[in-house]
1. Once the label point is placed 7 Å from Cα along Cβ, list for B:GLY13 the distances to the corresponding points in the other copies, in nm, shortest first.
2. So for B:ILE39, A:ILE9, A:ILE49, fewest C-beta neighbours within 10 Å to most, what's the order?
3. Which three extents, in angstrom, do the Cα atoms of the protein assembly as shown have along their principal axes, listed largest first?
4. Explain nothing, just the number: dipole magnitude of the range B:2-138 about its Cα centre with +1 on each Lys and Arg Cβ and -1 on each Asp and Glu Cβ, in debye rounded to the nearest 20.
5. For B:MET136, C:MET42, what's the fewest-to-most ordering of other Cβ within 10 Å of each Cβ?
6. Please quote Rg/Rh for the range C:61-115 to two decimal places, taking the Kirkwood radius as Rh and restricting both calculations to Cα atoms.
7. From other protein chains only, count the Cβ atoms within 10 Å of every residue's Cβ in B:55-63, then give the mean.
8. Based on Cα positions only, what radius of gyration and what Dmax would you give for chain C, in angstroms?
Amino acid sequence: MTHAETLKIQTRGRGTYEITSAVEEAVGRSGIARGLCNIFLMHTSASLILCENADPTVRRDLETFAARFVKDGDPTFVHDLEGPDDMPAHIRSIFTQASITVPVEDGRCKLGTWQGLFLWEHRTAPHRRTIAVTVMGDA
Amino acid sequence: MTHAETLKIQTRGRGTYEITSAVEEAVGRSGIARGLCNIFLMHTSASLILCENADPTVRRDLETFAARFVKDGDPTFVHDLEGPDDMPAHIRSIFTQASITVPVEDGRCKLGTWQGLFLWEHRTAPHRRTIAVTVMGDA
Amino acid sequence: MTHAETLKIQTRGRGTYEITSAVEEAVGRSGIARGLCNIFLMHTSASLILCENADPTVRRDLETFAARFVKDGDPTFVHDLEGPDDMPAHIRSIFTQASITVPVEDGRCKLGTWQGLFLWEHRTAPHRRTIAVTVMGDA
């Protein structure tokens, strides 16, 4: 049994946006009780992460780290057509993930107590992002 | 056909712990001959990696690298409630993975000759970690 | 319904090699219209990435970045049996991915407009790489 749907997330620019509830609702609509849920981001300048969702300072420190990991406007980059955050966004995306698969049990995502699913926008400007959610398993 | 079970791994603190056999045994119990096996870590301060499993110096060098990649006690981090390794553990986890899907063939994980599955503990203190194993496919 | 096959990719050494079409063809042969396609690289010194496939400078900048991220011949590494690019190849692989799952819709991979699937060879010498493609879903 396969259920597929698409989520649209409007971002306000660089930062993390929790999508756990939106994904949980898709799993609920699937009618699937046991199996797997794949969350797939259809972009190369944002990514998906599983992150602690209790203390917001975790995600603030993550941004501090990422800004140091790959610097906006790095003069060694050739690809800067869309601005100083263009190439860094691709690199942040490649070194994290665009596809995450989560187990489904009793019709819900089987996440750890402090685990949340986040869309991580890497571009400084707001973007409308598309996420494909696919749930497979038994009713 | 879906088979799901949970593995508990006790770590002795920071380091890599091979879980290939434990996952293989779960696949064996599933009775599934062909399909996919998803391994999902229910934590945000440890991760899952596929790594060379022949020469242990690979995993020693990996630790050397990770300690430099994100430094324990970095004063720019705000989130340090659980100590100097708290925020670095979250970052190491996000830049590696918490969910890995492996093909199943002839009732076994179809891994490369030198590929092993490892739980990578990022906290310095011992932790009891929970891994959800989900096998889907045909008998 | 499960379809599995193996792709062989010959690399000419370090660099990115697009495999989108090869994976699409495997999905076509599967006869599966809706579900998931898992692409699994059976090696620990190369990886799989989803990357912008329009402007080739993106992948050139990615190499520039990776060469700085982990340096060939780093004297702190103990594991250098196969040369100065041996341990860096393992680290590049672990910090990206060896397994990517992509949704399948209307018998095709549901990728974003600019998203391409690439094998990223991290060794400087040419290698013959094996990729397991597993498609699961409904006809």
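1. Here B:GLY13 shows inter-copy label distances of 4.3, 4.3 nm.
2. Ordered by Cβ neighbours within 10 Å, fewest first: A:ILE9, A:ILE49, B:ILE39.
3. Ordered largest first, the protein assembly as shown gives principal extents of 49, 47, 44 Å.
4. 120 debye
5. Ordered by Cβ neighbours within 10 Å, fewest first: C:MET42, B:MET136.
6. Rg/Rh: 1.19.
7. 5
8. Gyration radius and largest Cα-Cα distance of chain C: 16.0, 53 Å.
Read the figures in this text as sums done on the coordinates, not as results from a lab. What you see is a predicted model; the values in this text were computed from it and never measured. We place every Cβ from the backbone using ideal geometry, glycine too, and count neighbours over all the protein chains shown.
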